[in-house]
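Once you've had a glance at the structure underneath, I'll fire off some questions.
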Amino acid sequence: MAKQIVMLGPPGAGKGTQAKMLAEKLGVPHVSSGDIFRENLRAQTELGRHAGVYINRGELVPDDVTIAMIRERISRRDCNDGVLLDGFPRTAAQAEALDEMLSDLDKGQVVAVPCIIVPEDVLIERLTGRRTCRAQGHVFHIAFNPPVQAGVCDFDGSELYQREDDTVETVTNRIRVYHERTQPLIDYYQQRGVLLEIDGNRPIEAVFDGILSALTGV
Ligand code: AP5
């Protein structure tokens, strides 16, 4: 039976950084709702143009659009043995829709939800210093995780850029939206006995080790 994992935590907690490492270790696809929206935004698809309006304001893309997009992605064959979800679900309606779609598609259920906890001042510092690779979305930080050559991705040599939603103003709104809409999911998954609290205010490798040991036996 497929084992699905959901990464939870505020913007900048390190979900994407950890999810990439964990997906490789577990041999399952990393499905990031934010990455799919940004790919569509770059390609100027209808979905991308629609989502971009919300993303650039730091608001959530409407549930119906997001749920349909994730359902389509999860229904693919590469997710048959499990998937690592990053950035979805983010609202109560999305969490319920995820349970329904996993059941409909016969893809098992959510078995673990690592929730990365980081103080708010650290989140702002991480997001405003983040640099993202244009070609494949590799993530760096100008101080905490710098590339070898400033402005150039270590992995594919493409340009590093600052995401438009990583300004102090938009980051502050994203954190507010997280508290209002996403934090309630901590209780939702805690009640189901699958929440794993992870101290994210440590170096990247230490956080990764913390997640791996929390997942032992899942
Ligand atoms: P999304 O892309 O999901 O953004 P997010 O949740 O705000 O998360 P981030 O990507 O900002 O942070 P992260 O936790 O992945 O941190 P990272 O690893 O990069 O969503 C963007 C937008 O899309 C949303 O605002 C919304 O509009 C829309 N959207 C997406 N999903 C949606 C949904 N389900 N419903 C509706 N709308 C949706 O790390 C951050 C920085 O810190 C990096 O520079 C990294 O190098 C550094 N860092 C990481 N770990 C450490 C560490 N341990 N120590 C020091 N530095 C670290």
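The values are calculated or read from the model by the stated rules, or taken from the named source; none is laboratory data. On a predicted model such as this, the values are computed, not experimentally measured, just so you know. Methodologically, a virtual Cβ is constructed for each residue, glycine included, from the backbone with ideal geometry; neighbour enumeration extends over all protein chains shown.
Pick from Pro147, Pro114: which is touching a residue at least 60 places away in the same chain (Cβ under 8 Å) and not in a helix (DSSP H, G or I)?
Pro114
Does at least one position in region 49-62 carry a residue that is among the β-branched types (Val, Ile, Thr), at pLDDT 95 or above and within 29 Å of Asn145 (Cβ to Cβ)? Before the answer, list the steps.
Going through region 49-62, the residues among the β-branched types (Val, Ile, Thr) turn out to be 53, 55, 61.
If we keep only those that are at pLDDT 95 or above too, we end up with 53, 55, 61.
Those left that are additionally within 29 Å of Asn145 (Cβ to Cβ): 55, 61.
Within region 49-62 (the criterion being among the β-branched types (Val, Ile, Thr), at pLDDT 95 or above and within 29 Å of Asn145 (Cβ to Cβ)), the answer is yes, since at least one residue qualifies.
Regarding region 64-83, can at least one residue be identified that is in contact with a strand residue (DSSP E or B) (Cβ under 7 Å, 6 or more places away or on another chain) and closer than 21 Å to Arg131 by Cα?
Scanning region 64-83 turns up no residue that is in contact with a strand residue (DSSP E or B) (Cβ under 7 Å, 6 or more places away or on another chain) and closer than 21 Å to Arg131 by Cα.
Counting just the residues of region 200-218 that are in a loop (DSSP other than H, G, I, E, B) and at pLDDT 95 or above, which one comes out farthest from Cys115 (Cα to Cα)? Write out each step before concluding.
Applying the first criterion (in a loop (DSSP other than H, G, I, E, B)) to region 200-218 yields 200-203, 216-218.
Restricting the remaining residues to those that are at pLDDT 95 or above gives 200-203.
Working: Gly200: 9, Asn201: 12, Arg202: 14, Pro203: 16 Å.
So the residue we want is Pro203.
Separate question: I'd like to check something: does region 7-18 contain any residue that is under 18 Å from Leu212 (Cβ atoms) and in contact with a Ser or Thr (Cβ under 7 Å, 6 or more places away or on another chain)? Even if it seems obvious, please write down each step before you answer.
Start the filter on region 7-18 by keeping residues that are under 18 Å from Leu212 (Cβ atoms), which leaves 7-9, 13-18.
Adding the requirement that they be in contact with a Ser or Thr (Cβ under 7 Å, 6 or more places away or on another chain) leaves 16.
Yes, that holds for at least one residue.
Right, here's the next one. Any residue at all in region 38-56 that is among the charged types (D, E, K, R), under 13 Å from the mean Cα position of the chain (by Cα) and either closer than 26 Å to His141 by Cα or within 9 Å of the ligand (Cβ to nearest atom) (or both)?
Yes, the conditions are met somewhere in region 38-56.
Let me ask something else. Quickly run through region 58-111 and pick out the residues that are over 16 Å from Tyr178 (Cα atoms), of a type in the set (D, E, K, R) and touching a residue at least 24 places away in the same chain (Cβ under 8 Å).
Listed by number, the residues that qualify are Arg71, Arg73, Asp78, Asp81, Lys107.
Search region 101-149 for residues being under 30 Å from Lys3 (Cα atoms) and acidic (Asp, Glu), and hand back the single one that is farthest from the ligand (Cβ to nearest atom).
If we take residues in region 101-149 being under 30 Å from Lys3 (Cα atoms) and acidic (Asp, Glu), then Asp106 is farthest from the ligand (Cβ to nearest atom).
I'd like to verify a number: residues in region 15-34 that are touching a Gly at 6+ places or on another chain (Cβ under 6 Å) and without any contact (Cβ under 8 Å) to a residue 12 or more places away in the chain, how many?
0
Do we find that Ile124 is in contact with a helix residue (DSSP H, G or I) (Cβ under 8 Å, 6 or more places away or on another chain), closer than 30 Å to Val218 by Cα and surrounded by 15 or more Cβ atoms within 10 Å (Cβ to Cβ) in this structure? Break it down into steps so the answer makes sense when it comes.
Numbers: in contact with a helix residue (DSSP H, G or I) (Cβ under 8 Å, 6 or more places away or on another chain): yes; closer than 30 Å to Val218 by Cα: no; surrounded by 15 or more Cβ atoms within 10 Å (Cβ to Cβ): yes.
Spelling it out, it is not the case that Ile124 is in contact with a helix residue (DSSP H, G or I) (Cβ under 8 Å, 6 or more places away or on another chain), closer than 30 Å to Val218 by Cα and surrounded by 15 or more Cβ atoms within 10 Å (Cβ to Cβ).
A further question on this structure: Could you list, in sequence order, all residues of region 128-143 that are in contact with a strand residue (DSSP E or B) (Cβ under 9 Å, 6 or more places away or on another chain) and not charged (D, E, K, R)?
Within region 128-143, Gly129, Thr132, Cys133, Ala135, Gly137, His138, Val139, Phe140, His141, Ile142 qualify.
Considering only residues that are in contact with a Ser or Thr (Cβ under 8 Å, 6 or more places away or on another chain) and buried (at least 19 other Cβ atoms within 10 Å of the Cβ), which ones fall in region 48-59? Reasoning before the result, please.
We begin by selecting, within region 48-59, every residue in contact with a Ser or Thr (Cβ under 8 Å, 6 or more places away or on another chain); these are 56-58.
Selection gives Gly58 alone.
Here's another thing I want to ask about it. I need the full set of residues from region 180-198 which are touching a strand residue (DSSP E or B) at 6+ places or on another chain (Cβ under 6 Å) and outside any helix (DSSP H, G or I), in order please.
Val194, Leu195, Leu196, Glu197, Ile198
What are the residues in region 150-165 that are of a type in the set (Val, Ile, Thr) and within 12 Å of the ligand (Cβ to nearest atom), if any? Walk me through it before giving the result.
Taking region 150-165 as the starting set, the residues that turn out to be of a type in the set (Val, Ile, Thr) are 152.
None; the set is empty.
Moving on to the next point. Out of all the residues in region 61-80, which are buried (at least 20 other Cβ atoms within 10 Å of the Cβ) and farther than 15 Å from Leu41 by Cβ?
Ile67, Ile70, Ile74, Cys79
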